[in-house]
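Undergrad: This is the structure, below, for whatever I ask next.
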Amino acid sequence: MSYFRIVNKSLVFKRRHETLMITPWGENSFRVRGTENTSFTDNDWALYKASDCEVKNSDIQITEKGATITNGNICARLNAYGKLSFYNQRGELLLKEYYRSWEYGTEDWEDLDQIVMIRAAGREYKGTASDNYHITVKFEADDREHLFGMGQYQHPYLDLKGCSVELAQRNTQASVPFAISSLGYGFLWNNPAIGKANFSKNITEWEVYSSKQVDYWITAGDTPAEIEESYAAVTGTVPMMPDYAMGFWQCKLRYQTQEELLEVAREYYRRKLPVKVIVVDFFHWPNQGDWTFDEEYWPDPKAMIKELEEMGIKLMVSVWPTVDRNSINYREMAEKDLLVRADRGLQATMECFGTEVFFDATNPEARKFIWDKCKENYLDKGVTLFWLDEAEPEYTAADFDIYRYYQGSALECANIYPAMYAKAFYDGMREEGVENPINLIRCAWAGSQRFGALAWSGDVPSTFAQLKNQMTAGLNMGLAGITWWTADIGGFHGGNIHDPKFHELLIRWFQFGTFCPVMRLHGDRDPHDQKPLGTKGGGMCASGAFNEIWSYTPKAEEVMTKYIQLRERLKPYITEAMKEAHEKGTPVIKPLFYDFSQDDKAWLTGDCYLFGHDLLVAPVTEAGAVTKSVYLPMGTDWIEAVSGKAYEGGQTITVDAPLETIPVFARKGSEVIQYFRF
């Protein structure tokens, strides 16, 4: 027989092999765990501890036919056989498990449609090695539903309904498994195992290949903002972004020497262009895993940093999690078991100018080790900004079944890696007195935001199609809680600095970048005329072509200069958006429906977005386009920033968009319009 019981304010259900626990976890929210093991794991993964999450009004009722548990505006119902569904405070169905079997009860008339003789259950466990399972959780689909969030995937779909997404970290892909539904709920798959999520027309399905338990969190809310803020309350928010970080960032594939970087900074300073951050990128070290400057090419970092700061520029330094066998730290880390290891085959996880192994970010001792080295060799020299590259980590062969972490098999926990990588530096920097750590990182998972993670979209190609994809990626990342996000302006691969077609793309991307949370010029530019400076250490890796704004045509330089200056003028407005991200988890860039959820068309619009609350931005993402069709949501009037022309909301208009102009609209009455008066 099945039975229910109450344990520490949680509803616990047991039938046959399975135990299910539903726990109030934050306002209007539940954490749901299920397992066929004898107990649950004690890892909260993305969530704060239950004791840290406010619960105001919860109640449990148990009857012969089942049980309900209520927490504010959400109610979970279980029948006597364990079928689970969720409702809001008005009794409206939010989400219901998918069953196609007679074995789970027919008491309710609404369940009769699930009596199909294929024996499919809403929660399925298939045994694997040890006490892990191949787990699948299924829910009924709803044709009315629109789904958003889930992190960063390189496709043009803002609405994920009908999409299948991999739950795995890769270069340009960040799995942050939180989705917002137009039906009024948010859903976090609180499980870092490798798997996939299908948001199909006929079923919603979450699947992982090796895990000990079902683990997800669900919240109810009347608006997207209410849902997002509840999610932020249980997973965290970003620190307050420092003022300088809201300005323009300059970088390229790599500056090869200290003098080369300084000359670029001096030229920006001579031109009175406000660069706020400049980057020492990869292979500035003797060997991967040394985590220090190669003194042959970077002889005096302290003097370099001092000169940069006199020009108002911060230095960011790239850190890779790779440890080469020739590194001074390899043997010690191997002996102390601080490296990701292979269960079979060679003890190697990446090949890049040698054979490397990733440090194990899930191991607290390994996190302390890498931070101690970076403190000694970078922070103590004045570096307070880190670029945490290769953060997926980027395996040469993504054979997750081979690799093993401190936390377990990569199949079971690999998706947590980028969050723990960010945590290593966040914890270390806070301990050293850095008030608001911000570190650029090439991947993220749920909760990464609270460790000062500024995610970027990775090594995307330089094409208009990819420019369009970055808008989708950035918006869905923000909804998944990663409110600090950016992309390489111009794309990373394939941009030839002499090609007029690339100049057009660069200008359009630069305009988009002006209205991103962080504005950063980067890329591996062609042609690769520069030769390596040496045969070892920081000299063995060449660099791409120049990537400063004067590296292109006078027209391109003129347009980019205008937008750098605009970004600087917008700082008071951006500061307010960053404050809201810090305090409430509000995305800096967001789809129109975030503020206009009563406008049905806003839910269907993905080619423009809100930057803050008062600016509507409509990037041009088609080659050769000089006009743009823009939907202006109802509920307010809009002022075109360049022309000053007023438009009534609730209509689609077509506006001129010559190469030097990105269509931007301000809410009527907003003070932000003043910053567009050149």
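Undergrad: Would you mind stating whether residue 444 is at pLDDT 95 or above and buried (at least 24 other Cβ atoms within 10 Å of the Cβ)?
TA: Answer is yes for this residue.
Undergrad: Any idea how many residues of segment 360-396 are closer than 15 Å to residue 315 by Cβ, open to solvent by less than 10 Å² (accessible area, probe 1.4 Å) and within 23 Å of the chain's Cα centre (by Cα)?
TA: Kept after step one, since they are closer than 15 Å to residue 315 by Cβ, are these residues of segment 360-396: 374, 377-387.
Checking which are open to solvent by less than 10 Å² (accessible area, probe 1.4 Å) leaves us with 374, 378, 383, 385-387.
Imposing the further condition that a residue be within 23 Å of the chain's Cα centre (by Cα) reduces the set to 385-387.
So the count comes out to 3.
Undergrad: Let me ask you something else. Which number in (1) within 21 Å of residue 587 (Cα to Cα); (2) surrounded by fewer than 24 Cβ atoms within 10 Å (Cβ to Cβ); (3) without any contact (Cβ under 8 Å) to a residue 40 or more places away in the chain; (4) not small (Gly, Ala, Ser) marks the one condition that residue 196 misses?
TA: So the condition that residue 196 fails would be (1).
Undergrad: Just name the residue that is nearest to the chain's Cα centre (by Cα) out of those in segment 304-328 that are more than 24 Å from residue 536 (Cβ to Cβ) and open to solvent by 20 Å² or more (accessible area, probe 1.4 Å).
TA: This residue is 314.
Undergrad: With of a type outside the set (A, V, I, L, M), out of contact with any helix residue (DSSP H, G or I) (no Cβ under 6 Å at 6 or more places or on another chain) and under 21 Å from residue 470 (Cα atoms) as the only criterion, which of 607, 656, 600 stands out?
TA: 607
Undergrad: If you don't mind, another one. Given the condition free of Cβ contacts under 8 Å to residues at least 60 places away in the same chain, touching a strand residue (DSSP E or B) at 6+ places or on another chain (Cβ under 6 Å) and hydrophobic (A, V, I, L, M, F, W, C), answer yes or no: does some residue in segment 163-171 qualify?
TA: Within segment 163-171 (the criterion being free of Cβ contacts under 8 Å to residues at least 60 places away in the same chain, touching a strand residue (DSSP E or B) at 6+ places or on another chain (Cβ under 6 Å) and hydrophobic (A, V, I, L, M, F, W, C)), the answer is yes, since at least one residue qualifies.
Undergrad: Kindly establish whether residue 288 is outside any strand (DSSP E or B) and at pLDDT below 95.
TA: For residue 288, the condition - outside any strand (DSSP E or B) and at pLDDT below 95 - is not met.
Undergrad: Next question. For segment 445-461, which residues satisfy the criterion of being of a type outside the set (A, V, I, L, M) and touching a helix residue (DSSP H, G or I) at 6+ places or on another chain (Cβ under 6 Å)?
TA: 445, 447, 448, 451, 452, 457
Undergrad: So, restricting to strands (runs of 3 or more DSSP E) that lie completely within segment 16-99, which ones have at least 2 residues that are open to solvent by less than 20 Å² (accessible area, probe 1.4 Å)?
TA: Numbers: elements: 18-24, 29-35, 58-63, 66-71, 74-79, 84-88, 93-96.
Per the criteria, 18-24, 29-35, 66-71, 74-79, 84-88, 93-96.
Undergrad: Next question. Give just the number: which of (1) at pLDDT 95 or above; (2) on the phi < 0 side of the Ramachandran plot does residue 534 not satisfy?
TA: Here residue 534 meets the rest and fails (1).
Undergrad: Just to check your reading of the model, which residue among 180, 194 is of a type in the set (A, V, I, L, M, F, W, C) and within 23 Å of residue 398 (Cβ to Cβ)?
TA: Result: 194 is the single residue among 180, 194 that is of a type in the set (A, V, I, L, M, F, W, C) and within 23 Å of residue 398 (Cβ to Cβ).
Undergrad: Only one of 558, 640, 583, 576 is over 30 Å from residue 162 (Cα atoms) and in contact with a Gly (Cβ under 8 Å, 6 or more places away or on another chain); which?
TA: 576
Undergrad: Let me ask something else about it. Can you pull out the residues in segment 123-139 that are closer than 20 Å to residue 216 by Cα and either hydrophobic (A, V, I, L, M, F, W, C) or open to solvent by less than 40 Å² (accessible area, probe 1.4 Å) (or both)?
TA: 123, 125, 132, 133, 135, 136, 137, 138, 139
Undergrad: How many residues are outside any strand (DSSP E or B) and under 19 Å from residue 419 (Cα atoms) if we restrict to segment 187-202?
TA: 5
Undergrad: Out of 260, 207, 228, 267, I need the residue that is open to solvent by less than 10 Å² (accessible area, probe 1.4 Å), at pLDDT 95 or above and not in a loop (DSSP other than H, G, I, E, B). Which one? Show your work before the answer.
TA: On the way: 260 fails: open to solvent by less than 10 Å² (accessible area, probe 1.4 Å); 207 fails: open to solvent by less than 10 Å² (accessible area, probe 1.4 Å); 267 fails: open to solvent by less than 10 Å² (accessible area, probe 1.4 Å).
So the residue among 260, 207, 228, 267 that is open to solvent by less than 10 Å² (accessible area, probe 1.4 Å), at pLDDT 95 or above and not in a loop (DSSP other than H, G, I, E, B) is 228.
Undergrad: Next question, about the same structure. Regarding segment 238-260, can at least one residue be identified that is within 25 Å of the chain's Cα centre (by Cα) and hydroxyl-bearing (Ser, Thr, Tyr)?
TA: Yes, segment 238-260 has at least one match.
Undergrad: Let me ask something else. Looking only at segment 651-669, count how many residues are touching a strand residue (DSSP E or B) at 6+ places or on another chain (Cβ under 8 Å), open to solvent by 20 Å² or more (accessible area, probe 1.4 Å) and in contact (Cβ under 8 Å) with a residue 40 or more places away in the chain.
TA: Within segment 651-669, the first condition is being touching a strand residue (DSSP E or B) at 6+ places or on another chain (Cβ under 8 Å), and the residues that meet it are 651-657, 662-668.
Next, from what is left, pick out any that are open to solvent by 20 Å² or more (accessible area, probe 1.4 Å): 651-652, 654, 656, 667-668.
Retained after the next criterion (residues that are in contact (Cβ under 8 Å) with a residue 40 or more places away in the chain): 667.
Residues that pass the stated criteria total 1.
Undergrad: Could you check, for segment 637-650, whether at least one of its residues is surrounded by fewer than 19 Cβ atoms within 10 Å (Cβ to Cβ), of a type in the set (Phe, Trp, Tyr) and in contact with a Leu (Cβ under 7 Å, 6 or more places away or on another chain)?
TA: yes
Undergrad: What residue, of 631, 609, 675, is over 27 Å from residue 233 (Cβ atoms), open to solvent by less than 30 Å² (accessible area, probe 1.4 Å) and aromatic (Phe, Trp, Tyr)?
TA: 631
Undergrad: Just to check your reading of the model, which residue among 141, 120 is within 30 Å of residue 39 (Cβ to Cβ), in contact with a Lys or Arg (Cβ under 8 Å, 6 or more places away or on another chain) and not aromatic (Phe, Trp, Tyr)? Give the derivation first.
TA: Values: 141 fails: within 30 Å of residue 39 (Cβ to Cβ).
The match here is 120.
Undergrad: Tell me the residue from 494, 544 that is touching a strand residue (DSSP E or B) at 6+ places or on another chain (Cβ under 8 Å), open to solvent by less than 50 Å² (accessible area, probe 1.4 Å) and modelled with pLDDT under 95, please.
TA: Result: 544 is the single residue among 494, 544 that is touching a strand residue (DSSP E or B) at 6+ places or on another chain (Cβ under 8 Å), open to solvent by less than 50 Å² (accessible area, probe 1.4 Å) and modelled with pLDDT under 95.
Undergrad: Please state which of the following conditions residue 408 fails to meet, knowing it meets all the rest: (1) farther than 26 Å from residue 278 by Cβ; (2) more than 26 Å from the chain's Cα centre (by Cα).
TA: It fails just one condition, (2).
Undergrad: Follow-up. Find the helices (runs of 4 or more DSSP H) located wholly in segment 364-469 whose residues include 3 or more that are closer than 24 Å to residue 306 by Cβ and in contact (Cβ under 8 Å) with a residue 12 or more places away in the chain, and list them.
TA: By residue number, 364-377, 417-431.
Yes/no per residue for (1) in contact with a Gly (Cβ under 9 Å, 6 or more places away or on another chain); (2) open to solvent by 30 Å² or more (accessible area, probe 1.4 Å); (3) free of Cβ contacts under 8 Å to residues at least 24 places away in the same chain:
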{"site": "161", "(1), (2), (3)": "no, yes, no"}
{"site": "179", "(1), (2), (3)": "yes, no, no"}
{"site": "182", "(1), (2), (3)": "no, yes, no"}
{"site": "201", "(1), (2), (3)": "yes, yes, no"}
{"site": "223", "(1), (2), (3)": "yes, yes, no"}
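Undergrad: Let me ask something additional. Do the conditions hold for residue 551, that is, is it over 30 Å from the mean Cα position of the chain (by Cα) and among the polar types (S, T, N, Q)? Show your work before the answer.
TA: On the way: over 30 Å from the mean Cα position of the chain (by Cα): yes; among the polar types (S, T, N, Q): yes.
It is true that residue 551 is over 30 Å from the mean Cα position of the chain (by Cα) and among the polar types (S, T, N, Q).
The values are calculated or read from the model by the stated rules, or taken from the named source; none is laboratory data. Note that the coordinates shown come from a computational prediction; the quantities given were computed from them, not determined experimentally. For neighbour counting, all protein chains shown are included, and Cβ atoms are generated from backbone atoms with ideal geometry for every residue, glycine included. For accessibility, only protein heavy atoms count, side chains too; no ligands or nucleic acids. Shrake-Rupley method; radii C 1.70, N 1.55, O 1.52, S 1.80 Å.
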